[in-house]
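Before any comments, here is the structure.
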Amino acid sequence: MDSHLIYHANQMAHGMGGYSLFQIIMLTAGMVIWAFLYIYLAVRGLKTKFIQMPLVLACGNLVWEFLWGFIFQSKYEFWVMFGVGSAFLTDLAIFYAIWRYGALHQKVPFYAKNLRILSIFGILVWLMIWVAFKMQGMDTDGGGTSGNILNAVIAVFWVNQLFHIKDLNLMSVRLGWFKLLADIPVALFMMNEFPDKPFAYIITWISVLFDIIYIWVYYRRKSGKLVLNYLNN
């Protein structure tokens, strides 16, 4: 490679929080695809009146995006934090969809009746969790560990949802593909950026694993090769 190109690449990396060109590409790819995922999730939820995000995880996601987009300091430069802050605005649309239509799919009457009160309670609880998580020094820079813990739980929940929901049309395999394509570059970034913190990147690969399981189970149900008889009860 031309020495001038190497020089400019290094200068670019230095101006982007000290990241290598590989890290910048991986992180940017993950962020862009996650942005499409959030937008698609919000638009689809408002259109179908079914939001593929449980209230408890939506609260955790909203708080995480707010804290790392606007409150917590990071070595991330403005371009990265702007992406997180923008995701928070999309999260607001997702949260609005849950407030408006979430009660329609709640099987427990108490939850359906008190959805908005429970969401406020959930936001306060997650606020305490994420602040304490950072104050104790358990998070990586930019909220990588906490964000990927939440991401892995979402992936597990989506798989669980496939085994419990009767109408498969309510679920979206496109969301699974978006998530998988976003999680892979993020996992590669985490391994490269935090090689001495295995939990931070292993939890991300666990999310990738459950993304693959979600897509596989979805297609198995769609093709009729996986029939869940108990759903007819």
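The values are calculated or read from the model by the stated rules, or taken from the named source; none is laboratory data. Computed from a predicted model, the values in this text were never measured in an experiment. Note that we place each Cβ from the backbone using ideal geometry, even for glycine, and neighbour counts take in every protein chain shown.
Please work out which one of (1) farther than 20 Å from GLY45 by Cα; (2) aromatic (Phe, Trp, Tyr); (3) buried (at least 18 other Cβ atoms within 10 Å of the Cβ) is the condition PHE95 fails and give its number.
(1)
Among LEU5, LEU27, LEU37, which is the only one that is under 17 Å from LEU92 (Cα atoms) and either modelled with pLDDT of 90 or more or part of a helix (DSSP H, G or I) (or both)?
None of the other options fit; the residue is LEU37.
For LEU55, indicate whether it is among the hydrophobic types (A, V, I, L, M, F, W, C), at pLDDT 90 or above and under 17 Å from the mean Cα position of the chain (by Cα).
no
Only one of (1) closer than 16 Å to PHE189 by Cβ; (2) at pLDDT below 80; (3) part of a helix (DSSP H, G or I) fails for GLY17. Which number is that?
Going through (1) closer than 16 Å to PHE189 by Cβ; (2) at pLDDT below 80; (3) part of a helix (DSSP H, G or I) one by one, GLY17 breaks only (3).
Looking for whichever is crowded, with 16+ Cβ neighbours inside 10 Å and out of contact with any Leu (no Cβ under 9 Å at 6 or more places or on another chain) here; the options are ILE202, ILE149, ILE154. Which one fits?
Just one listed residue meets the conditions, ILE149.
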